[in-house]
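As structure tokens, the structure follows; a few thoughts come after it.
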């Protein structure tokens with residue numbers, strides 16, 4: 001078990017390193033002059049050279065990469081070109097909002113998807129099942145940001161129950177929470193359509209296994225059999241998709257923050273693109289990719305925790 | 001205690017059981033034999049109220065005097081494990097692989113009988129002792145994949161016994177096990193039946209196991225009871241051609257010359273046809289070595305034999 | 001062969017609708033899509049403007065049609081490029097085997113760490129946003145997807161008798177790949193391509209909505225929604241039609257993909 005964790009951790013770190021190389025390469029080595037993008041075509045060559053020197057762009061790429069990644073390891077992502085403050089500080093300020101949105105989105109996704117998926121499996125070949133399949137087929141086709149706009153139209157414009165966007169800050173917990181309701185639903189519904197289908201088919205698969213018949217022969221209630229026996233045995237494919245969906249939820253949060261004008265990392269990334277603030281974009285992209293990879297790493301570990309047979313093999 | 005009268009189970013594909021009579025007194029041990037496809041597993045499921053949702057039951061099935069033929073799932077659920085329990089063929093698959101076997105055995109004790117964790121644990125330990133699992137306390141904490149085949153079957157038997165059922169239905173409990181382990185499981189079932197006064201329905205295609213385990217024998221073919229009677233007598237003097245075929249097909253290791261090929265298992269040519277293709281008359285028509293022209297069309301009525309009943313036109317009065 | 005599955009027919013019909021709108025827009029639209037007519041802004045649906053006009057008096061149907069063309073063009077380019085590269089990579093990995101295969105698949109795993117949005121953000125930051133960069137980003141995330149599918153399907157074919165016979169006869173791996181492997185993985189790749197079309201259209205819409213795709217005045221369903229969002233209080237219908245167009249097209253490709261998969265692998269039809 002320890003060896004397995006060690007191996008996976010090494011693989012995880014190697015992946016992170018490879019990702020940082022890719023991010024750095026795309027942002028720095030592809031043709032294009034950041035100084036030109038920052039200062040515009042009207043700038044003089046002297047001014048651009050001065051800026052390049054100030055940004056450290058006149059040094060060799062390998063040296064710049066090592067400096068960047070070395071700094072990143074100790075939490076120093078450099079100074080934002082547009083805000084003039086440390087990038088790490090910008091991220092720390094906005095991270096809680098993005099994480100809250102992603103976490104609440106993931107929780108709602110899980111609750112909705114497991115409930116719908118298991119209910120559909122329990123009603124296999126009956127109207128409830130067909131309805132769920134139809135609904136989820138439609139849900140998969142709906143872009144999250146359009147759903148968000150429709151929700152704003154209904155709950156903010158027409159009914160005026162919830163704010164159409166913006167964020168009052170954590171100082172007002174009730175208002176902050178209510179401004180996260182619509183973003184959370186937009187983020188979760190589409191994801192749960194996918195997960196509900198996976199849950200349904202994984203549960204149907206597990207329901208065919210013999211021990212389900214044993215549990216029935218023991219007189220256990222259908223609900224107990226479904227949640228205590230079928231679900232745990234259906235978890236492996238569900239966890240796989242949840243890992244992938246966490247990536248979807250995190251990047252989805254980038255889009256949804258922009259729909260609802262929420263000051264999180266997603267807004268920051270777009271402000272930085274608009275301001276040609278490459279060093280901030282670079283740090284944020286690395287962070288998002290790292291979150292995605294970390295989610296997949298956790299999924300790998302989760303498999304082993306779910307299934308005692310794998311635990312035996314993993315040691 | 002349990003009484004099936006002319007019990008039939010109709011599936012969309014055809015009739016899986018046709019007018020089966022079966023009665024069971026407390027402590028009685030009955031064997032049900034037949035090839036795969038003969039309907040013996042369906043009979044076991046019918047006794048548990050666990051036929052597929054698409055199945056239609058007719059005839060009459062009573063348990064403790066209550067008519068269960070059209071009972072709803074929740075009525076059946078109240079009886080399962082407490083009055084009638086069942087164990088299955090593949091002990092590895094029949095246990096939830098993600099749970100310690102102790103958790104599995106304790107579940108009905110806690111959920112059905114409302115015992116506390118400690119009480120259930122003590123009962124599970126006693127049950128593991130009773131079914132002869134070595135080091136029962138350690139076994140309780142193990143996962144199914146950590147047990148041997150015989151140990152898994154013993155754990156399943158312990159699970160079935162958890163709520164003190166009056167009847168145990170054992171569907172091919174020894175098929176997945178090697179011969180020596182199988183014999184010990186059979187002996188265990190007989191001992192438990194005697195010690196607890198528990199009736200046993202032993203479903204198998206293994207005549208030797210059935211002879212060892214039971215007192216009475218029911219031979220099924222294509223959903224029909226073709227012969228029944230005291231187990232030793234029927235095996236010694238079978239009256240139905242199918243029973244004879246089954247006995248002839250039995251693998252007998254003894255009279256085999258060294259180096260001689262193993263005797264073919266199926267002395268009856270072919271296999272049970274799919275439900276939809278069963279003949280309307282005697283189900284055995286088409287494979288029967290002594291078949292007569294009317295057999296496929298007309299269903300033979302059960303006739304008394306010296307040791308029970310058999311349903312074959314050859315036994316009818318006036319038959320040559 | 002029996003009747004094609006219902007989802008294939010329905011999906012095909014929806015896709016045909018979008019494709020027709022896109023193709024017709026190349027030669028004709030009711031109005032020039034960018035023609036301003038400020039006097040006639042927010043016009044309700046009429047015989048002239050079937051779905052009305054937007055805040056600048058532009059005809060909505062014309063914009064939706066050109067949007068269809070843009071959307072499908074990006075999806076086609078992205079799936080063709082990414083799918084082609086990915087399939088070639090997967091086939092090569094499968095043919096070479098050994099450490100080459102391992103390395104190729106490891107690189108693909110890396111690709112999965114970059115959702116399309118992140119890659120598009122990087123490209124937009126480095127080169128500025130454009131429809132071409134959006135297509136490139138979507139193509140990029142398609143490479144590992146197709147590489148996996150192609151390799152998985154190819155690996156199953158390499159062990160079949162007729163391929164083994166070919167190897168025994170001394171035929172080169174390239175020749176065997178072209179003769180035997182490609183026809184046998186085609187079904188899996190086509191099914192995946194249909195599904196990825198749906199994904200690409202969703203991705204293009206999201207990127208354009210965020211301003212990382214189509215740039216004004218080129219209309220795109222995603223950008224139309226971004227503009228409509230600011231006008232929700234004035235004319236909510238502007239936010240309805242482009243969204244419906246996206247849903248219809250994505251649903252069409254999704255259903256078609258499912259239908260094709262059912263055709264390709266009848267065993268899966270029963271339970272899915």
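The values are calculated or read from the model by the stated rules, or taken from the named source; none is laboratory data. Bear in mind the structure is a predicted one, so any value in this text is a computation, not a measurement. Cβ atoms come from the backbone with ideal geometry, glycine included; neighbour counts cover every protein chain shown.
Some notes on this structure:
- Residues of region A:261-283 satisfying the condition of being under 17 Å from the mean Cα position of the chain (by Cα), closer than 24 Å to residue A:166 by Cα and more than 8 Å from every other protein chain (Cβ to nearest Cβ): A:262, A:263, A:264, A:265, A:266, A:267, A:268
- Restricting region B:98-127 to residues that are part of a loop (DSSP other than H, G, I, E, B) and at negative phi, the residue that is farthest from the chain's Cα centre (by Cα): B:116
- Helices (runs of 4 or more DSSP H) fully within region A:87-163 counting 3 or more residues that are under 16 Å from residue A:203 (Cα atoms): A:87-122, A:127-141
- Only listed residue being more than 14 Å from chain B (Cβ to nearest Cβ), over 22 Å from the mean Cα position of the chain (by Cα) and modelled with pLDDT of 90 or more, chosen from A:119, A:193: A:119
- Condition met for residue A:249 (crowded, with 21+ Cβ neighbours inside 10 Å and over 30 Å from residue A:204 (Cβ atoms)): no
- Scanning region B:83-97 for residues that are in a loop (DSSP other than H, G, I, E, B), within 14 Å of residue B:175 (Cα to Cα) and either more than 7 Å from every other protein chain (Cβ to nearest Cβ) or more than 15 Å from the chain's Cα centre (by Cα) (or both) gives B:89, B:91, B:92, B:93, B:94.
- Residues being buried (at least 17 other Cβ atoms within 10 Å of the Cβ) and either under 32 Å from the mean Cα position of the chain (by Cα) or closer than 15 Å to residue A:118 by Cα (or both) - total across region A:209-227: 3
- Of everything in region B:70-82 that is assigned to a loop (DSSP other than H, G, I, E, B) and at the interface with chain A (Cβ under 8 Å from one of its Cβ atoms), the residue that is surrounded by the most Cβ atoms within 10 Å (Cβ to Cβ) is B:81.
- For region A:6-28, the criterion of being at pLDDT below 75 and either more than 10 Å from every other protein chain (Cβ to nearest Cβ) or not in a helix (DSSP H, G or I) (or both) is satisfied by no residue at all.
- Residue C:113, sole failed condition from (1) within 28 Å of residue A:248 (Cβ to Cβ); (2) in a helix (DSSP H, G or I): (2)
- Among residues of region A:205-221 that are outside the structural domain of residue A:124 (by TED's automatic domain parsing) and at pLDDT 90 or above, none has a beta-carbon under 9 Å from a residue that is assigned to a helix (DSSP H, G or I) and surrounded by fewer than 20 Cβ atoms within 10 Å (Cβ to Cβ) at least six positions away or on a different chain.
- When the residues of region C:94-120 are filtered to those that are in contact (Cβ under 8 Å) with a residue 60 or more places away in the chain and in contact with a helix residue (DSSP H, G or I) (Cβ under 6 Å, 6 or more places away or on another chain), the one that is farthest from the other protein chains (Cβ to nearest Cβ) is C:95.
- Here residue A:232 fulfils each of the conditions (1) at the interface with another protein chain (Cβ under 10 Å from one of its Cβ atoms); (2) at pLDDT below 90 apart from (2).
- When region C:212-228 is limited to residues that are more than 14 Å from chain A (Cβ to nearest Cβ) and surrounded by fewer than 24 Cβ atoms within 10 Å (Cβ to Cβ), the one that is farthest from residue C:59 (Cα to Cα) turns out to be C:216.
- The number of residues in region A:159-179 that are within 14 Å of chain C (Cβ to nearest Cβ) and either touching a strand residue (DSSP E or B) at 6+ places or on another chain (Cβ under 6 Å) or modelled with pLDDT under 85 (or both) comes to 3.
- Within region B:145-166, tally of residues that are under 13 Å from residue B:105 (Cβ atoms), assigned to a helix (DSSP H, G or I) and either at the interface with another protein chain (Cβ under 9 Å from one of its Cβ atoms) or out of contact with any helix residue (DSSP H, G or I) (no Cβ under 9 Å at 6 or more places or on another chain) (or both): 3
- Selected residue [within 30 Å of residue C:148 (Cβ to Cβ) and modelled with pLDDT under 80] from C:4, C:30: C:4
- Scanning region B:23-50 for residues that are assigned to a strand (DSSP E or B) and surrounded by fewer than 21 Cβ atoms within 10 Å (Cβ to Cβ) gives a single hit, B:23.
- Filtered by the rule that a residue be at the interface with chain A (Cβ under 8 Å from one of its Cβ atoms) and farther than 18 Å from residue C:81 by Cβ, region C:200-211 gives C:205, C:206, C:209, C:210, C:211.
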